[in-house]
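The values are calculated or read from the model by the stated rules, or taken from the named source; none is laboratory data. Nothing here was measured: the structure is a model prediction, and the numbers come from that model. For neighbour counting, all protein chains shown are included, and Cβ atoms are generated from backbone atoms with ideal geometry for every residue, glycine included.
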Amino acid sequence: MELVRLIDDEGENRGEMRTEDALEIAIGLNLDLVEVAPEGRPPVCRIMDYGKWRYEQEQKAKQARKHQSTITIKEIKFRPKIDPHDYATKKGHVLRFLKNRDKVKVTIMFRGRELMHPERGEAILLKLAGEVEDLALIESRPNLDGRNMIMMLAPLKALTDKPDAPVTETAAPVADAPEATPAPEATPAPVADVPAPESAPVPPAEESTSENAASA
């Protein structure tokens, strides 16, 4: 005889009983018998409107996705002797990243004796920051790290609107990065060996997708 612990539609613990008896109570209320804690001894089942519960969970997940934002760090690299055309092209990438509300890690790469004049790299970084100041703030000023000088730019809206957003750093070829989608919450399953009533069919579980952000 298979036993379950029953929680009724009012949230009251009805104690242990046979699965058949619990299902009979659920059918009498025109509701579903759903197993919510299969690891329990005995398993815990709850009487509920399963279709309504799934709808509410989907709405909560949508609201959570609305309020979640991922700030991606894109990296763009310059040379201290960069020519004007190459500078203009890379500046265009920086502007696109900032408009997409991504942070931008700007790196000056020094080679050989170029490291003897770090002020040239700093001048390029500060010039760039000045030209994009309507879209970004300097989050970290130019700093020499080995043979590289690094400056971090943060989009203005990312600083004011999304201070707690998670950060993902990327350094891939220039590309627009899609937003990541959080995985849905696990859902309880109706009791496996007892048919659910026709009045409340169980909708299929949603699949979630997750895409990695591409970067410059």
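Observations, loosely collected:
- Of 8, 83, all but one fail to be assigned by TED's automatic domain parsing to the domain that holds residue 148 and at negative phi; the exception is 83.
- Against the test of being in a loop (DSSP other than H, G, I, E, B), surrounded by fewer than 18 Cβ atoms within 10 Å (Cβ to Cβ) and of a type outside the set (Phe, Trp, Tyr), the options 91, 81 yield a single qualifying residue, 81.
- Residue 30 satisfies every condition listed in (1) outside any helix (DSSP H, G or I); (2) under 30 Å from residue 142 (Cα atoms); (3) at pLDDT 90 or above; (4) among the polar types (S, T, N, Q) except (2).
- For residue 30, the criteria (1) at positive phi; (2) in contact with a helix residue (DSSP H, G or I) (Cβ under 8 Å, 6 or more places away or on another chain) hold in every case but one, which is (2).
Residue by residue, here is whether (1) among the acidic types (Asp, Glu); (2) under 23 Å from residue 140 (Cα atoms); (3) more than 24 Å from the chain's Cα centre (by Cα); (4) in a helix (DSSP H, G or I) holds:
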{"position": "58", "(1), (2), (3), (4)": "yes, no, no, yes"}
{"position": "75", "(1), (2), (3), (4)": "yes, yes, no, no"}
{"position": "87", "(1), (2), (3), (4)": "no, yes, yes, yes"}
{"position": "96", "(1), (2), (3), (4)": "no, yes, no, yes"}
{"position": "101", "(1), (2), (3), (4)": "no, yes, no, no"}
{"position": "105", "(1), (2), (3), (4)": "no, yes, no, no"}
{"position": "108", "(1), (2), (3), (4)": "no, yes, yes, no"}
{"position": "114", "(1), (2), (3), (4)": "yes, yes, yes, yes"}
{"position": "121", "(1), (2), (3), (4)": "no, yes, yes, yes"}
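- Hits in region 17-44 (condition: among the hydrophobic types (A, V, I, L, M, F, W, C) and under 10 Å from residue 3 (Cα atoms)): 17, 22, 44
- Conditions (1) over 21 Å from the mean Cα position of the chain (by Cα); (2) surrounded by 14 or more Cβ atoms within 10 Å (Cβ to Cβ); (3) in a strand (DSSP E or B): number failed by residue 15: (2)
- Condition check for residue 24: without any contact (Cβ under 8 Å) to a residue 24 or more places away in the chain, farther than 19 Å from residue 54 by Cβ and either under 35 Å from the mean Cα position of the chain (by Cα) or surrounded by 19 or more Cβ atoms within 10 Å (Cβ to Cβ) (or both): no
- Selection count where residues are within 41 Å of the chain's Cα centre (by Cα) and surrounded by fewer than 16 Cβ atoms within 10 Å (Cβ to Cβ), scope region 1-12: 5
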